[in-house]
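Single-structure report; data block below.
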Amino acid sequence: MTHRVKVKSLLHLYELISEHERILLDVLRQIIIDRLPDYCKEKIAYNVPYFYENKGICLLWPSGIPRGGIDSGVLLGFWNGNLLKDEDNYLIRGSNKKIFYQIYNKPEEINIDAVNKLLDEAIDLDKSFIKKK
């Protein structure tokens, strides 16, 4: 995939990534969708699925999409990961100052309890960013 492609929808994204990445993306999206409150939204931003309400909560970045900085698998990034307590030290703190993440290469690697705990924390954090009207 070239850097010039603009992903317009989830379906379009699925056409651009490997079957392996589609499976991981599906599993992770379902975990996130099941956990996020109904008022949270999903959109394609930066060519990847991005979940938000007041600000960003998390995003999923398949390795097949350029500029994610990963060679394989799917990255689950927490938009304000630097502000999360992450008491279990589950997230990787890479070169990005805000986005802390975990990379998965197989569905079995996903620790659903740890992800849900972080999603709950990220949702609570997002509530503190209530938009001014």
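The values are calculated or read from the model by the stated rules, or taken from the named source; none is laboratory data. Remember, it's a predicted structure, so these values are computed and weren't measured experimentally. Note that each Cβ is placed from the backbone with ideal geometry, even for glycine, and that neighbours are counted across all protein chains shown.
Condition first: assigned to a loop (DSSP other than H, G, I, E, B) and more than 11 Å from the chain's Cα centre (by Cα). Can you find one or more residues in segment 111-122 that meet it?
Step one: of segment 111-122, the residues assigned to a loop (DSSP other than H, G, I, E, B) are 111.
Add one more test, that the residue is more than 11 Å from the chain's Cα centre (by Cα), and what stays is 111.
Yes; the residues of segment 111-122 include at least one that is assigned to a loop (DSSP other than H, G, I, E, B) and more than 11 Å from the chain's Cα centre (by Cα).
Find the residue count for segment 37-61, including only residues that are touching a Leu at 6+ places or on another chain (Cβ under 8 Å) and among the polar types (S, T, N, Q).
So the answer is 1.
Anything in segment 86-133 that is in contact with a strand residue (DSSP E or B) (Cβ under 9 Å, 6 or more places away or on another chain) and aromatic (Phe, Trp, Tyr)? List them, or say none.
Tyr90, Phe100, Tyr101, Tyr104
Starting from segment 81-95, take each residue that is loosely packed, with under 15 Cβ neighbours inside 10 Å and list its partners that are β-branched (Val, Ile, Thr) and part of a loop (DSSP other than H, G, I, E, B), counting only C-beta distances under 6 angstrom and pairs at least six apart or across chains.
Going by the 6 Å Cβ cut-off, there are no qualifying pairs.
For residues that are among the aromatic types (Phe, Trp, Tyr), over 12 Å from Val115 (Cα atoms) and outside any loop (DSSP other than H, G, I, E, B), tally how many sit in segment 59-103. Don't jump to the end; show me each part of the working.
Taking segment 59-103 as the starting set, the residues that turn out to be among the aromatic types (Phe, Trp, Tyr) are 61, 78-79, 90, 100-101.
In the following step, the residues that additionally are over 12 Å from Val115 (Cα atoms) were identified as 61, 79, 100.
Now drop any that are not outside any loop (DSSP other than H, G, I, E, B), which leaves 61, 100.
Qualifying residue count, segment 59-103: 2.
Here is a check on your reading of the model: is Ile32 surrounded by 12 or more Cβ atoms within 10 Å (Cβ to Cβ), at pLDDT below 95 and not charged (D, E, K, R)? Write out each step before concluding.
Working: surrounded by 12 or more Cβ atoms within 10 Å (Cβ to Cβ): yes; at pLDDT below 95: no; not charged (D, E, K, R): yes.
When the stated conditions are applied, Ile32 does not pass them.
Being without any contact (Cβ under 8 Å) to a residue 60 or more places away in the chain, surrounded by fewer than 18 Cβ atoms within 10 Å (Cβ to Cβ) and of a type in the set (A, V, I, L, M) is the filter here, so list the residues in segment 96-133 that pass it.
Ala114
The rows are residues; the columns are (1) more than 12 Å from Leu28 (Cα to Cα); (2) of a type in the set (Lys, Arg).
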site: Lys97; (1), (2): yes, yes
site: Gln102; (1), (2): no, no
site: Lys117; (1), (2): yes, yes
site: Ala122; (1), (2): yes, no
site: Leu125; (1), (2): yes, no
site: Ser128; (1), (2): yes, no
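Anything in segment 1-45 that is under 20 Å from Leu83 (Cβ atoms) and out of contact with any helix residue (DSSP H, G or I) (no Cβ under 7 Å at 6 or more places or on another chain)? List them, or say none. Lay out the reasoning, then the answer.
So the first thing to find is which residues in segment 1-45 are under 20 Å from Leu83 (Cβ atoms), and the list is 32, 35-37, 40, 45.
Answer for segment 1-45, where residues must be under 20 Å from Leu83 (Cβ atoms) and out of contact with any helix residue (DSSP H, G or I) (no Cβ under 7 Å at 6 or more places or on another chain): Cys40, Ala45.
Scanning segment 2-29 for residues that are in a loop (DSSP other than H, G, I, E, B) and of a type in the set (Lys, Arg), which turns out surrounded by the most Cβ atoms within 10 Å (Cβ to Cβ)?
Initial filter on segment 2-29 (in a loop (DSSP other than H, G, I, E, B)): 2-9, 17-18.
Imposing the further condition that a residue be of a type in the set (Lys, Arg) reduces the set to 4, 6, 8.
On the way: Arg4: 6, Lys6: 7, Lys8: 10.
The qualifying residue surrounded by the most Cβ atoms within 10 Å (Cβ to Cβ) is Lys8.
For residues in segment 30-48 being in a helix (DSSP H, G or I) and of a type outside the set (A, V, I, L, M), which is nearest to Asp71 (Cα to Cα)? Steps first, answer last, please.
So in segment 30-48, the residues in a helix (DSSP H, G or I) come out as 30-35.
Subset that is of a type outside the set (A, V, I, L, M): 30, 34-35.
Working: Gln30: 23, Asp34: 28, Arg35: 28 Å.
In this case the residue turns out to be Gln30.
Cβ-Cβ distance below 8 Å, separation of 6 or more or different chains: which pairs start in segment 1-15 with a residue that is over 14 Å from Tyr50 (Cβ atoms) and among the hydrophobic types (A, V, I, L, M, F, W, C) and end on one that is modelled with pLDDT of 90 or more and part of a loop (DSSP other than H, G, I, E, B)?
Met1/Gly64; Met1/Ile65; Met1/Pro66; Val5/Asn47
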